[in-house]
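Student: First the structure, then my questions, so here it is.
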Amino acid sequence: MMQAMQACFVLHTRDYRDSSLLVDLFTCDQGIMRVIANGAKRPRSPMRGVLQPFLPLLAHWSGKGELQTLRGAEIHGTPYYLQGATLLSCFYLNELLVRLLHHYDPHPGLFRAYHQTLAFLQNKQHSAADKEGRLRLFEKVLLQEIGYALQLDQEAHSGSAILADCNYRFSPEIGLVLQAQRPSQDLARWVFSGKSLLALHQSELDDADCLRDAKRLMRLALAPLLGDKPMRSRELFVVG
Amino acid sequence: MTFSPLLDQLIQGLRCLPGVGPKSAQRMAFHLLERDRDGGKHLADALLQALEHVGHCRLCRTFSEDELCLLCRHQGRELHKLCIVETPADLLAIEQTGTYRGRYFVLLGHLSPLDGIGPEDIGLPALQQRITQEAIQEIILAMSTTVEGEATAHYITEMIKGVKTSISRIAHGIPLGGDLEYIDSRTLAHAFESRLLLSSSSVAE
Ligand SMILES: [Zn+2]
């Protein structure tokens, strides 16, 4: 039976045999899944040029088991035109999804956030700082969706509200713990101002300090989930 | 099975070629044995020689059996122009147009973070060194129009920002002889974004 077209994005493609592709899709209803696109690399294939990352697609597939066969895909809506550093940020989003989501684990909320983040990033009116803030908010949603939500408005031990003028130490297993004394030098990178935590909680990262802290906190929170393998898309920002 | 282990081995061997399935491998093997044993010997010899001796040019990284390829050694090429391509096949495609007389650098791939392919894997440190050492005045980026090609072009542009040289990227757009209405919307959007200015006097007048 032919199923209806589903909203999805291509996260990654890999050559398969002579003219086919293995495609990792991020779908709204089924999460990440791998499909085979037969003949997609042939010059006259209608899927050529369509199976590219960051394009909003409608696609359908069929088959039994883990590896489904892609039956068709078309661009749905305005194709994004991504360039330069923005494009590298988008690769970063894809690498996060590929590394942190399990196949066939649906996350419609995250799918919406991904779509909105791409739309925001490709808009040339937005400043580099605004775009960076958007990446942090996407990371926040991602952590929520995979069960590692950060409790940004509550002290972990007492349960009392995070206060803007106090400092808190981030501990991956516990959460944010009140840091009354001045932290030692090697502890300092784990400590955050209440102001920055509340800004991230309210998704308002306009302040440069808050933005920098949000980046540091997200790195610390993502590190244990990503493991030892470095994020390759981060390396591409070094010269930028 | 052909009842000849050597023939089976040949058929199996031919299947490592792209586009060659069991049926065509069998046809090729029979053709060589039935009709063209000399051609087959020639092929076997050429294959061995090439695999043994062809490596990569030290300067441009395209295939070459010498330290420097014929193109890099060619006296007539313009030394101040450098065209950066992804593959040796791309280099040949540009050569066949006959419009470019400079030299090349072949990346042998493109940046692809999700495949773990980073700047070192496509020779970018060597490229940077070459650009700073040689008096290159013009760099032409001829990457493919995929997002990976775009990311690679961006990275190279950033990498050589401090170097005094002009950088351009080959235009992508509408194929010659193509009707606009049949062109996919992305290509058309791209062609629009990178449109050429023909005259700018009309606004002021
Ligand atoms: Zn060479």
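The values are calculated or read from the model by the stated rules, or taken from the named source; none is laboratory data. This is a predicted model, so every value here is computed, not measured. Here Cβ is always computed from backbone atoms with ideal geometry, including for glycine, and neighbour counts include all displayed protein chains.
Student: Out of curiosity, is residue A:222 under 26 Å from residue A:95 (Cβ atoms), surrounded by 12 or more Cβ atoms within 10 Å (Cβ to Cβ) and touching a residue at least 24 places away in the same chain (Cβ under 8 Å)?
Tutor: In short, yes.
Yes/no per residue for (1) outside any strand (DSSP E or B); (2) among the hydrophobic types (A, V, I, L, M, F, W, C):
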{"site": "A:13", "(1), (2)": "no, no"}
{"site": "A:25", "(1), (2)": "no, yes"}
{"site": "A:29", "(1), (2)": "yes, no"}
{"site": "A:36", "(1), (2)": "no, yes"}
{"site": "A:40", "(1), (2)": "yes, yes"}
{"site": "A:45", "(1), (2)": "yes, no"}
{"site": "A:48", "(1), (2)": "yes, no"}
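Student: Those residues that are surrounded by fewer than 13 Cβ atoms within 10 Å (Cβ to Cβ) and within 13 Å of the ligand (Cβ to nearest atom), I need them from region B:70-91; list them, please.
Tutor: Those that are surrounded by fewer than 13 Cβ atoms within 10 Å (Cβ to Cβ) and within 13 Å of the ligand (Cβ to nearest atom): B:70, B:74, B:79.
Student: Being farther than 28 Å from residue A:38 by Cα, surrounded by fewer than 15 Cβ atoms within 10 Å (Cβ to Cβ) and out of contact with any Asp or Glu (no Cβ under 9 Å at 6 or more places or on another chain) is the filter here, so list the residues in region A:67-122 that pass it.
Tutor: A:112, A:116, A:119
Student: May I ask you to list pairs of residues, at least six apart or on different chains, whose Cβ atoms are under 7 Å apart, with the first in region A:173-184 being under 12 Å from residue A:157 (Cβ atoms) and without any contact (Cβ under 8 Å) to a residue 24 or more places away in the chain and the second being of a type outside the set (Ser, Thr, Tyr) and loosely packed, with under 14 Cβ neighbours inside 10 Å?
Tutor: A:177/A:157
Student: Here's another thing I want to ask about it. Limited to region B:172-186, what total is found for residues that are at pLDDT 80 or above and not in a loop (DSSP other than H, G, I, E, B)?
Tutor: The number of residues fulfilling the criteria is 2.
Student: Could you go through region A:84-104 and let me know if any residue there is under 19 Å from residue B:114 (Cβ atoms) and in a strand (DSSP E or B).
Tutor: Yes - at least one qualifying residue is present in region A:84-104.
Student: Could you go through region A:29-47 and let me know if any residue there is facing chain B (nearest Cβ under 9 Å), free of Cβ contacts under 8 Å to residues at least 60 places away in the same chain and surrounded by 16 or more Cβ atoms within 10 Å (Cβ to Cβ).
Tutor: In the first step, residues of region A:29-47 are kept if they are facing chain B (nearest Cβ under 9 Å); the result is none.
Among the residues of region A:29-47, not one is facing chain B (nearest Cβ under 9 Å), free of Cβ contacts under 8 Å to residues at least 60 places away in the same chain and surrounded by 16 or more Cβ atoms within 10 Å (Cβ to Cβ), which makes the answer no.
Student: To continue, here is another question. Might you check whether a residue that is within 14 Å of chain A (Cβ to nearest Cβ) and touching a Phe, Trp or Tyr at 6+ places or on another chain (Cβ under 6 Å) occurs anywhere in region B:113-126?
Tutor: Yes, because at least one residue in region B:113-126 is within 14 Å of chain A (Cβ to nearest Cβ) and touching a Phe, Trp or Tyr at 6+ places or on another chain (Cβ under 6 Å).
Student: Can I ask one more? Go through (1) within 23 Å of the chain's Cα centre (by Cα); (2) more than 30 Å from residue B:160 (Cβ to Cβ); (3) of a type outside the set (A, V, I, L, M); (4) surrounded by fewer than 18 Cβ atoms within 10 Å (Cβ to Cβ) and name the single condition residue A:213 misses.
Tutor: (4)
Student: Further question: Do we have residue B:89 as under 13 Å from the mean Cα position of the chain (by Cα), modelled with pLDDT of 95 or more and of a type in the set (A, V, I, L, M, F, W, C) here?
Tutor: Against the criterion (under 13 Å from the mean Cα position of the chain (by Cα), modelled with pLDDT of 95 or more and of a type in the set (A, V, I, L, M, F, W, C)), residue B:89 qualifies.
Student: Could I ask something else about it? Taking the options A:143, A:110, A:118, A:137, name whichever one is within 14 Å of chain B (Cβ to nearest Cβ), out of contact with any His (no Cβ under 9 Å at 6 or more places or on another chain) and of a type outside the set (Phe, Trp, Tyr).
Tutor: Values: A:143 fails: within 14 Å of chain B (Cβ to nearest Cβ); A:110 fails: within 14 Å of chain B (Cβ to nearest Cβ); A:137 fails: within 14 Å of chain B (Cβ to nearest Cβ).
Answer to the selection: A:118.
Student: While we're here: What is the number of the single condition among (1) closer than 30 Å to residue A:98 by Cβ; (2) in a helix (DSSP H, G or I); (3) within 15 Å of the ligand (Cβ to nearest atom) that residue B:121 does not meet?
Tutor: The number of the failed condition is (3).
Student: While we're on this one: Please enumerate the residues belonging to region B:59-69 that are near the ligand (Cβ under 8 Å from one of its atoms) and either farther than 17 Å from residue B:108 by Cβ or of a type in the set (A, V, I, L, M) (or both).
Tutor: B:59, B:68
Student: Can I ask one more? For the structure I just gave you, tell me whether residue A:51 is modelled with pLDDT of 95 or more and closer than 18 Å to residue A:5 by Cα.
Tutor: It is false that residue A:51 is modelled with pLDDT of 95 or more and closer than 18 Å to residue A:5 by Cα.
Student: Among residues belonging to region B:109-138 that are within 24 Å of residue B:173 (Cα to Cα) and under 16 Å from the mean Cα position of the chain (by Cα), point out the one that is surrounded by the most Cβ atoms within 10 Å (Cβ to Cβ).
Tutor: B:111
Student: Another question, then. Could you tell me which numbered condition residue A:58 fails, if it satisfies all but one of (1) part of a helix (DSSP H, G or I); (2) in contact with an Asp or Glu (Cβ under 8 Å, 6 or more places away or on another chain)?
Tutor: Single failed check for residue A:58: (1).
Student: Identify, from the list B:17, B:6, B:32, B:10, the residue that is loosely packed, with under 11 Cβ neighbours inside 10 Å and away from the ligand (no atom under 16 Å from the Cβ).
Tutor: That would be B:6, the only listed residue that is loosely packed, with under 11 Cβ neighbours inside 10 Å and away from the ligand (no atom under 16 Å from the Cβ).
Student: Of all residues being surrounded by fewer than 16 Cβ atoms within 10 Å (Cβ to Cβ) and out of contact with any strand residue (DSSP E or B) (no Cβ under 6 Å at 6 or more places or on another chain) in region B:159-171, which is nearest to the other protein chains (Cβ to nearest Cβ)? Just the residue, please.
Tutor: B:161
Student: Every residue in region A:75-107 that is without any contact (Cβ under 8 Å) to a residue 40 or more places away in the chain and either in contact with a Cys (Cβ under 7 Å, 6 or more places away or on another chain) or within 10 Å of chain B (Cβ to nearest Cβ) (or both), please.
Tutor: Result: A:75, A:78, A:79, A:83, A:84, A:87, A:90.
Student: Just one of (1) of a type in the set (Asp, Glu); (2) touching a residue at least 24 places away in the same chain (Cβ under 8 Å); (3) in contact with a His (Cβ under 6 Å, 6 or more places away or on another chain) trips up residue B:78, so point out which.
Tutor: Looking at each condition in turn, residue B:78 falls short on (3).
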